[in-house]
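J.: Before we start, here is the structure in question, set down as structure tokens.
Every number in this text was worked out from the coordinates using simple rules, so none of it is lab data. Computed from a predicted model, the values in this text were never measured in an experiment. Because the Cβ atoms are built from the backbone with ideal geometry, glycine has one as well, and the counts that use them run over all protein chains shown.
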Amino acid sequence: MIRKMQNTDINRVADIWLKTNLKAHDFIPEQYWTSNYELVKEMMSQAEVYVYEDNKMIQGFVGLSNEYIEGIFVSDEMQSCGIGKLLLDYIKNKKIRLRLNVYQKNARALSFYQREGFDIQCEGLDEATGEKEYTMLWQQK
């Protein structure tokens, strides 16, 4: 089931955010993610966040800022089970266009978004990490 995040969900959601980033972005120092943990928790409580819940346990979420996807995160044990696609399809039904940034070195995420109809618009540099990233766009057909 997908639903809007509630304040009581924040610790589980932030936990998934941290663990997923550490695993998917091993090319970025761990300190970067851990030092941003509290700030991200605060930002999430103000943001548009939808969670995927299975048996009363949150297994993934998507964060949005208007048409910009801040990120799609799925718990380690539930990756490659279709949860990311369910979350993405859910927000595709709410928006006519979606944008996101993805690190070039995150090949798994890059291929996921391309498979889901996102096109690379341009290449840039994430100032905070010094890593190259792509800006990608999806538009409703």
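J.: So what are segment 41-90's ellipsoid semi-axes, whole angstrom, largest first, if each one is the square root of 5 times an eigenvalue of the alpha-carbon gyration tensor?
T.: Taking √(5λ) for each eigenvalue gives 19, 13, 9 Å, largest first.
J.: Segment 7-141: D in µm²/s via Stokes-Einstein (Kirkwood Rh, Cα pairs, 20 °C, 1.002 mPa s)?
T.: It comes out at roughly 140 µm²/s.
J.: Suppose every Lys and Arg Cβ carries +1 and every Asp and Glu Cβ carries -1, with no other charges. What dipole size does segment 11-109 come out with about its Cα centre, to the nearest 20 debye?
T.: So the magnitude is around 400 debye.
J.: Using the count of nearby Cβ atoms within 10 Å as a rough guide to exposure, how do Lys41, Lys4 rank from fewest to most?
T.: In order of increasing Cβ crowding within 10 Å: Lys4, Lys41.
J.: Students often get this wrong: which residues of segment 1-20 have the backbone nitrogen under 20 Å from the point 7 angstrom along Cα-to-C-beta of Met43?
T.: 5-20
J.: Determine the calculated [θ] at 222 nm for the chain from helices alone, applying -39500 (n - 2.57) to every DSSP H run no shorter than 4 residues and normalising by the residue count; nearest 500 deg cm²/dmol. Before the final figure, lay out each step's value.
T.: Values: 4 runs with 51 residues, N = 141.
Calculated mean residue ellipticity at 222 nm is -11500 deg cm²/dmol.
J.: Checking the cross-link filter: which lysines have an alpha carbon closer than 30 Å to that of Lys23, excluding same-chain neighbours under 8 positions apart?
T.: Of all the lysines, those that pass the test against Lys23 - Cα under 30 Å, at least 8 places apart if same chain - are Lys4, Lys41, Lys56, Lys85, Lys92, Lys94, Lys95, Lys105, Lys132.
J.: So, one more: Can you grab the distance from the C-alpha centre of segment 107-135 to the C-alpha centre of segment 39-66, Å, no decimals?
T.: Cα centroid to Cα centroid, the span is 21 Å.
J.: Just the C-alpha atoms of segment 1-71: what Rg/Rh do they give, with Rh taken as the Kirkwood radius?
T.: Rounded to two decimals, Rg over Rh is 0.96.
J.: Right, next: Calculate, in nm to one decimal, what Asn66 and Asp54 gain on full extension: separation in residues at 0.36 nm each, minus their alpha carbon distance.
T.: Roughly 1.7 nm would be gained on extension.
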